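Trainee: Pasting a structure below so you can have a look.
The values are calculated or read from the model by the stated rules, or taken from the named source; none is laboratory data. These numbers come from a predicted model, not from an experiment. Positions of Cβ are generated from backbone atoms using ideal geometry, with glycine treated the same way; all protein chains shown enter the neighbour counts. Surface accessibility is based on the protein's heavy atoms, side chains included, excluding ligands, DNA and RNA. Shrake-Rupley method; radii C 1.70, N 1.55, O 1.52, S 1.80 Å.
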Amino acid sequence: GKVTYVATHGGSVAAYDAGGKELWNVPVLLEAGALAVSPKGDRVAVGGYPGLLVLDAADGKVLDGFRAAPKSAGNWILINRITSVAWNSAGTRVAGGWVNNKWGGGPGPDPHDVVVLDANGKPLPSPKVDGNVFGVAFVPGTDTLLIGADKLTAANSADGSVLWANEIGGAQSFAFSSDGQTAAAGGWGKNAGVFKLADGVIAESAKMDAVIGGVALTPTNDLIVAVWG
């Protein structure tokens with residue numbers, strides 16, 4: 001509540017105090033697409049074009065990360081771009097996914113695996129999923145990573161192994177029940193669902209006419225969705 005962190009389209013990350021005074025400003029990527037502060041407040045992760053980096057929150061120093069080779073497909077279409085970043089509850093791991101792995105139903109020009117880093121930006125084993133990754137989220141209190149690719153996939157972030165997958169496509173928004181047993185997701189696949197975290201089995205699902213921008217669960221685990229357009 002005392003510091004605000006800002007990632008800019010130009011690829012820099014800045015920190016401001018409560019009065020709006022700039023504390024630091026560091027160029028880190030060619031374009032920033034997502035930012036997440038660790039639960040302890042000691043790290044800032046920023047994803048974009050072309051990678052995912054971990055910064056020291058105190059001074060903006062880049063600790064480490066993963067950078068792909070920057071590439072453009074022309075007409076200002078940038079590939080190798082991450083637009084989703086999430087920390088686990090302990091602040092020991094952060095993940096991000098690429099949104100240009102697949103074009104027009106086929107493989108993109110330079111696909112990459114999901115990036116998982118430790119708190120100092122060192123790469124960890126990558127879970128293998130198919131398609132573009134529109135959202136990532138850690139199950140609260142665990143190291144289980146949910147990946148919104150062609151299928152919603154759960155992976156063990158410690159070793160990259162896949163635990164299960166279900167038919168919720170392109171998930172970019174996630175919600176978790178208070179008892180830690182159930183979750184909901186929805187996104188670019190134009191479908192949303194409520195599922196069990198243990199095995200991914202979908203209890204309820206709905207198909208929409210447009211992209212699902214957000215999901216929420218009521219206290220009784222009914223699903224609420226916000227639909228684009």
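Trainee: With +1 on each Lys and Arg Cβ and -1 on each Asp and Glu Cβ, and nothing else charged, work out how big the dipole of the range 153-222 is about its Cα centre, in Debye to the nearest 20.
Mentor: 140
Trainee: For the range 36-114, give the magnitude of the charge dipole about the Cα centre (Cβ charges: +1 Lys/Arg, -1 Asp/Glu; no others), in debye to the nearest 20.
Mentor: Around 120 debye, computed over the range 36-114.
Trainee: At most 16 other Cβ atoms within 10 Å plus a DSSP loop assignment makes a site exposed; report the longest stretch of the chain without any exposed chymotrypsin sites (Phe, Trp or Tyr not before Pro).
Mentor: 77-227
Trainee: Let me ask something else about it. How about residue 128: which aspartates and glutamates have a C-alpha closer than 19 Å to its C-alpha, ignoring those fewer than 8 places off in the same chain?
Mentor: Within the straight-line limit of under 19 Å, residue 128 reaches these aspartates and glutamates: 110, 113, 118, 143, 150, 159, 167, 199.
Trainee: Pairs of alpha-carbon atoms within less than 8 angstrom and 6+ residues apart define the contacts here; what relative contact order does the chain have, in percent?
Mentor: Rounded, it is 10 percent for the chain.
Trainee: May I ask you to give the percent of accessible area on the chain that is carbon plus sulfur, with a probe radius of 1.4 Å?
Mentor: Here it works out to 53 percent.
Trainee: Further question on the same structure: Which of 165, 175, 52 sits farthest toward the positive end of the charge dipole of the chain, with +1 on the Cβ of Lys and Arg and -1 on the Cβ of Asp and Glu?
Mentor: Value: 52.
Trainee: Along the charge dipole of the range 69-192, Cβ charges K/R +1 and D/E -1, which of 147, 100, 127 sits furthest on the positive end?
Mentor: Result: 100.
Trainee: Taking N as the number of residues in the range 79-199, what is its Cα Rg relative to 2.2 N^0.38 Å?
Mentor: Compactness ratio reported: 0.98.
Trainee: Continuing with the same structure: So for the chain, taking the charge dipole from beta-carbon charges (+1 Lys/Arg, -1 Asp/Glu), which of 216, 14, 116 sits furthest toward the positive end?
Mentor: The listed residue farthest towards the positive side: 14.
Trainee: Hey, another quick one. Taking the Cα centre of the chain as origin, work out the dipole magnitude from +1 charges on Lys and Arg Cβ and -1 charges on Asp and Glu Cβ, in debye rounded to 20.
Mentor: Details: 16 positive and 20 negative charges, 64 e Å.
Roughly 300 debye for the chain.
Trainee: How much FRET efficiency would the formula 1/(1 + (r/R0)^6) give for residue 90 and residue 2, where r is the Cβ-Cβ distance and R0 is 25 Å, rounded to 0.05?
Mentor: Working: r = 22 Å, r/R0 = 0.88.
For residue 90 and residue 2, the calculated efficiency is 0.70.
Trainee: Once the cut-off is 14 Å, how many percent of the Cα-Cα pairs in the range 101-156 end up in the long-distance tail?
Mentor: 56
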